[in-house]
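Got a structure for you, written out below as structure tokens; questions coming shortly.
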Amino acid sequence: MKEINVSGKKRTDVGKKASKLLRKEGMVPCNLYGEKKGENGLPEAMAFVAPMAELRKAVYTPHVYVVNLNIDGTEHKAIMKELQFHPTSDALLHADFYEINETKAITVGIPVNIVGHAQGVRDGGRLNLSIRKINVTAPYKQIPEKLDIDVTELQLGKAIKVGSLSFEGLEIATPKEVIVCSVKATRASRSAAAEAAAE
């Protein structure tokens with residue numbers, strides 16, 4: 001997985017008014033959830049702020065990053081867990097991070113990368129990608145930047161489901177019945193098939 005460095009500062013004032021002022025200054029209110037748990041057994045959050053300029057690369061991208069957070073001089077390795085955007089301007093309002101280490105398994109959505117030229121496409125069909133990411137579980141060092149899926153043998157009218165895939169060292173968390181991609185018949189492929197049948 002790719003890595004990115006982000007610097008942050010702890011914050012004590014976590015009200016709406018304070019958050020609004022921070023955003024005006026180009027800062028994004030964030031929470032870091034780590035190993036520490038509260039009285040209710042849920043992970044405790046550390047509230048901090050980070051510059052939008054540093055977060056931008058990790059937010060507006062199809063890639064998944066390990067974020068090296070430096071909060072007031074203390075280093076934390078984390079992944080982005082949840083992002084909140086403004087409903088109309090698409091501006092980032094809030095980010096939640098989840099602290100990781102080399103041994104603990106995490107579940108993240110990894111981009112699908114189609115490899116090869118499907119037989120069904122060569123026969124006049126159209127390749128349709130149904131999902132852009134597949135959720136996998138593993139320690140972060142074992143998680144690749146993308147998941148290569150070979151479609152060379154994919155026939156017209158057929159689909160590849162998550163259940164037919166396997167990746168070394170990764171446990172797939174997306175349901176097995178989910179369709180990753182398929183080759184749909186087009187008007188050209190249907191008329192070609194009709195001509196072949198007529199012959």
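What GluC sites (Glu not before Pro) does the range 29-116 have in DSSP loop regions with at most 10 other beta carbons within 10 Å? Walk me through the intermediate numbers first.
Numbers: sites: 35, 39, 44, 54, 75, 82, 99, 102; in loops: 39, 102.
Here the GluC sites (Glu not before Pro) that fit, given the DSSP loop and packing criteria, are 39, 102.
Give the aspartates and glutamates whose C-alpha is closer than 13 Å to that of residue 57, dropping any in the same chain fewer than 8 places away, or say none.
Reachable aspartates and glutamates: 3.
How many nm separate the modelled label positions at residue 142 and residue 4, each set 7 Å beyond the Cα in the direction of the Cβ?
If labels sit at residue 142 and residue 4, their model points lie 2.6 nm apart.
Another one. For residue 20, go through the aspartates and glutamates and keep the ones whose alpha-carbon is under 18 Å away, minus same-chain ones fewer than eight residues off.
Those aspartates and glutamates meeting the cut-off are 90, 96.
In addition: So I have (1) 45; (2) 51; (3) 67, and one of them is percent of Cα pairs over 25 Å apart calculated from this model. Which one is it?
(2)
Among all helices in the chain defined by DSSP H, which have a length of 15 Å or more along the axis from Cα atoms plus a Kyte-Doolittle mean of at least -1.0?
Working: long enough: 187-198 (16 Å, -0.13).
Membrane-span-like by this rule: 187-198.
Have a look at 135, 5, 120 and report the one farthest towards the positive end of the charge dipole of the chain, computed about the Cα centre with Cβ charges (Lys/Arg +1, Asp/Glu -1).
In the chain, that residue is 5.
Give the residue from 21, 50, 33 lying farthest towards the positive end of the charge dipole for the range 1-59; charges sit on Cβ (+1 for Lys and Arg, -1 for Asp and Glu) and the dipole is referred to the Cα centre.
Farthest towards the positive end: 21.
Going by a ≥ b ≥ c, the root eigenvalues of the Cα gyration tensor, does the range 10-111 fall in the rounded group (a/c under 1.5), the prolate group (a/b larger than b/c) or the oblate group?
Working: a/c = 1.67, a/b = 1.18, b/c = 1.42.
Because a/c hits 1.5 or more and a/b fails to exceed b/c, the range 10-111 counts as oblate.
Is there a quick way to get the dipole size of the chain? I mean about its Cα centre, with the Cβ of Lys and Arg at +1 and of Asp and Glu at -1; what is the value in debye to the nearest 20? It would help to have the intermediate numbers written out before the result.
On the way: 28 positive and 24 negative charges, 143 e Å.
That gives the chain a dipole magnitude of about 680 debye.
Mind checking which lysines have their C-alpha under 29 Å from residue 176, skipping anything on the same chain fewer than 8 residues away?
Partners found: 2, 81, 104, 133, 141, 146, 158, 161, 184.
Calculated from DSSP H runs of 4 or more alone, at -39500 (n - 2.57) each and per residue, what is the 222 nm mean residue ellipticity of the chain, nearest 500? Please report the intermediate quantities before stating the final value.
Numbers: 4 runs with 33 residues, N = 199.
It lands at -4500 deg cm²/dmol.
Next up: Please report the relative contact order for the range 2-100, taking Cα pairs under 8 Å with a sequence separation of at least 6, and give it as a percent rounded to a whole number.
On the way: 187 pairs, mean separation 33.2, N = 99.
In percent, rounded to a whole number, it is 34.
Now, a different point. Ranking request for peptides 108-114, 160-166: highest mean number of other beta-carbon atoms within 10 Å first, then the rest in descending order. Present the calculation step by step, with values, prior to reporting the outcome.
Details: 108-114: 17.1, 160-166: 14.4.
Put in order of decreasing packing, that is 108-114, 160-166.
No value in this document is a laboratory result; all are computed from the given coordinates. Keep in mind it's a predicted model, so treat the numbers as computed, not measured. No Cβ is skipped: glycine too gets one built from the backbone with ideal geometry, and neighbour counts run over all protein chains shown.
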